[in-house]
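Enquirer: First the structure, which I've put down as structure tokens, then a few questions once you've had a look.
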Amino acid sequence: MTRTSAAILGTLLLLFQSAAVLSQSRRQPQPQLMSYSYDVTSPLLKGVPRDTLICANYPPAPKVTAVDEVDGPINRVTFSEEVSEGPFLNSNLILRQWSATDASGNTAEAYQFIVVRKPYSVAAISAPDQPLSVDSEVAVLAAISHSGNLNKGARANVTWTWAWGDGTESEGNFTDHQVAGSHTYEHAGTYMISLRYEDECGSAVFPYQHKLTIGESSPTADTSPLNQQP
């Protein structure tokens, strides 16, 4: 074998070896790039009430649910409640808390503060002493008592309503421990009027009622020219 032939044969052998290595490397599994996503979003609490209320009565706790973007509905919503002395005289402060945690450990929390004070009471309802008649405005006044302090926010978000006993109602005007109202009756008769209030937690009707007797309208003199005496 000549020196040239030996060189050509060596070159071919190197080519075959390189091709074999390349083929072997192609048959081996290639590393895969893995992607991961992390849930960092807290669940959403639904049905959470207003954060602060001033109520005359103890309001029941609403049902709060939770849903997560990844896990969907969450079956367990934790609820806790603490009662302590309130900011007004003879009042209580209620702290409510709701919380829910998803499968990734993200937690959502919501709070509600409620001031519960003793309810109002009606001391008396007064009406004019003179005879009352239809088509004339009747003005009434209710004296209101309260075990708390009306001058420090206890009147917040309270609506007063008069029920006139004839199927109609009108809003009362509350000033300085009194609720005023007025009404005009269309028919004579006896009517039982009552007063109720409504705060952010609901309404309450006072058991105190007042009876009004409405007579027919008073006759008026005919002053037309035909009936005037010379």
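The values are calculated or read from the model by the stated rules, or taken from the named source; none is laboratory data. The model shown is predicted, which means the values in this text are computed figures rather than measured ones. Cβ: placed from backbone, ideal geometry, glycine included. Neighbour counts: every protein chain shown.
Enquirer: For the structure I just gave you, tell me whether V122 is among the aliphatic types (A, V, I, L, M), crowded, with 17+ Cβ neighbours inside 10 Å and modelled with pLDDT under 80.
Expert: yes
Conditions tested, residue by residue: (1) surrounded by fewer than 17 Cβ atoms within 10 Å (Cβ to Cβ); (2) assigned to a loop (DSSP other than H, G, I, E, B); (3) not charged (D, E, K, R); (4) not assigned by TED's automatic domain parsing to the domain that holds V158.
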| position | (1), (2), (3), (4) |
| --- | --- |
| D39 | yes, yes, no, yes |
| A61 | yes, yes, yes, yes |
| A66 | no, no, yes, yes |
| F88 | no, yes, yes, yes |
| L93 | yes, no, yes, yes |
| A103 | yes, yes, yes, yes |
| Q112 | no, no, yes, yes |
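Enquirer: Taking the residues in the stretch 175-198 that are of a type in the set (A, V, I, L, M, F, W, C) and assigned to a strand (DSSP E or B) as candidates, determine which candidate is farthest from T161 (Cα to Cα).
Expert: Ranking the candidates gives M192 first.
Enquirer: While we're on this one: Of the residues L33, L53, only one is at pLDDT 60 or above, under 60 Å from the mean Cα position of the chain (by Cα) and exposed (fewer than 10 other Cβ atoms within 10 Å of the Cβ); which?
Expert: Every option except L33 fails the conditions.
Enquirer: At pLDDT 90 or above and either buried (at least 19 other Cβ atoms within 10 Å of the Cβ) or in the same structural domain as H210 (by TED's automatic domain parsing) (or both): which single residue out of A143, A163 fits that description?
Expert: A163
Enquirer: Residue check: is V70 on the phi < 0 side of the Ramachandran plot, over 25 Å from the mean Cα position of the chain (by Cα) and hydrophobic (A, V, I, L, M, F, W, C)?
Expert: So V70 fits the description; yes.
Enquirer: Within the stretch 71-86, track down each residue that is at pLDDT below 90 and either touching a strand residue (DSSP E or B) at 6+ places or on another chain (Cβ under 6 Å) or surrounded by 13 or more Cβ atoms within 10 Å (Cβ to Cβ) (or both).
Expert: Scanning the stretch 71-86 gives D71, G86.
Enquirer: Right, next: Could you check V70 against (1) β-branched (V, I, T); (2) in contact (Cβ under 8 Å) with a residue 60 or more places away in the chain; (3) not in a strand (DSSP E or B) and say which number it fails?
Expert: Single failed check for V70: (2).
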